[in-house]
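For reference, the structure discussed in these notes is given below.
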Amino acid sequence: MNVSTTFRTTGPRALRRQRKLQHGLTLIELLVAMVLGLLIALAAAAALVVARQGFSNVDAASQLRDNGRFAQDVLQRVGVQVGFKSLQYAATTRPSNTDGVLANPPPHVFGLNNASRTSGDTWDDGSARTSGSVGYGSDILVLRYQTSMSTKDATAPDGTVIDCMGIAPTAIPTARDDRLISILHVAVGVDGEPALMCSRSATGAAPYDTQPLVSGVENFQVLYGVDGVAPGNTTTPITTAADSVPERYLRADQLTVDGNDTATYANWQRVRSLRIGLVLRAPPGSALDRSSQTFYPLGSAKGSASGTTGSAFSSTNDPNTVFTPAIDGRLRQTVTFTVHLRNFQEDI
């Protein structure tokens, strides 16, 4: 090794030369580095926010689908029970002029259009909703039926019939017209959100136990498929032959005749199916699309005259079959289905 060469590259003079070459960052270089770092941080934060919004949207959509399926399952299950008679009454005909047997029994299915309930309402009562109120346009659906027993002499139900809360009542009917009742309607739940409520009674009369069934339901529409009944029919007995096939769908107020229970009950006994539509909403901030939207809880179709899109069953007398909510950043979903009533609705 050449000692003099080694000293020149590693000695004090070389060290001083290296120290002169080691300069710090200039202010401009520091600012450029900070800006680049800030841009990277902002891009990462924006990506995180977008990912979080996407996750919230997917989670809310999944929850809405689950709620919609649950509501449909419950209404389908309870709907097919409408008009069910316990064995001892299904096997016998209705006697006339007999104490304890009603001459004009209430129908098994009943409803009110654009109405709300309070705890003191009777089974067939409700208050008209005002424009702008929670659940405006939503209907009330009343379903009545008896419990099931394995034998006519059984002392307890067999548990196969449930109410709208999924509870199998323990009481057996003691008279032909005893009915348990399930009332579906929209009201504000305990969390401040509109909800599909279940008001239930094992005796068919007050007091009613009211509990939220599905949270987030802000619109509940019901139409009734009728067999041989025209809107506002007052003719009794109805002379049109019944074939159990609904020819048209009517609103509740088109089946109810004020001051005429005989015609009202006769009309409701011709209901053969239920057309149900709901609009469910998710929590605030769950929607990616923040523009105004229109929903059709009973389905949509083109009008033959105007060609514009509208509810397939819409009417100027039936508010909220075309539903346009406020722009509030909530994800929404419609659920539409039909329940075909399985049991004979006329009491004989």
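The values are calculated or read from the model by the stated rules, or taken from the named source; none is laboratory data. No experiment lies behind these values; they were computed from the predicted model shown. All Cβ positions, glycine included, derive from the backbone under ideal geometry; neighbour counts span all protein chains shown.
Observations on the model:
- In the range 236-262, the residues that are farther than 30 Å from residue 325 by Cα and either of a type in the set (Val, Ile, Thr) or touching a Gly at 6+ places or on another chain (Cβ under 9 Å) (or both): 236, 238, 239, 240, 241, 242, 243, 245, 246, 247, 257, 262
- Entry remark, the range 155-192: residues being touching a residue at least 40 places away in the same chain (Cβ under 8 Å), more than 20 Å from residue 108 (Cα to Cα) and surrounded by fewer than 16 Cβ atoms within 10 Å (Cβ to Cβ) number 1 in total.
- Qualifying residue in the range 329-343 (condition: within 22 Å of residue 196 (Cα to Cα) and modelled with pLDDT under 90): yes
- Among residues of the range 93-119 being among the aliphatic types (A, V, I, L, M) and surrounded by 17 or more Cβ atoms within 10 Å (Cβ to Cβ), the one that is farthest from residue 177 (Cα to Cα) is 115.
- Cβ separations smaller than 7 Å between residues 6+ apart or across chains give the following pairs from the range 279-301 residues that are free of Cβ contacts under 8 Å to residues at least 60 places away in the same chain and assigned to a strand (DSSP E or B) to residues that are surrounded by 15 or more Cβ atoms within 10 Å (Cβ to Cβ) and among the hydrophobic types (A, V, I, L, M, F, W, C): 300/312; 301/312.
- Flag for residue 122 being under 18 Å from residue 164 (Cα atoms), at pLDDT 85 or above and surrounded by fewer than 11 Cβ atoms within 10 Å (Cβ to Cβ): yes
- Identity of the residue in the range 71-96, aliphatic (A, V, I, L, M) and part of a helix (DSSP H, G or I), that ends up nearest to the chain's Cα centre (by Cα): 71
- Counting the residues of the range 247-278 that are surrounded by fewer than 22 Cβ atoms within 10 Å (Cβ to Cβ) and in a loop (DSSP other than H, G, I, E, B) gives 6.
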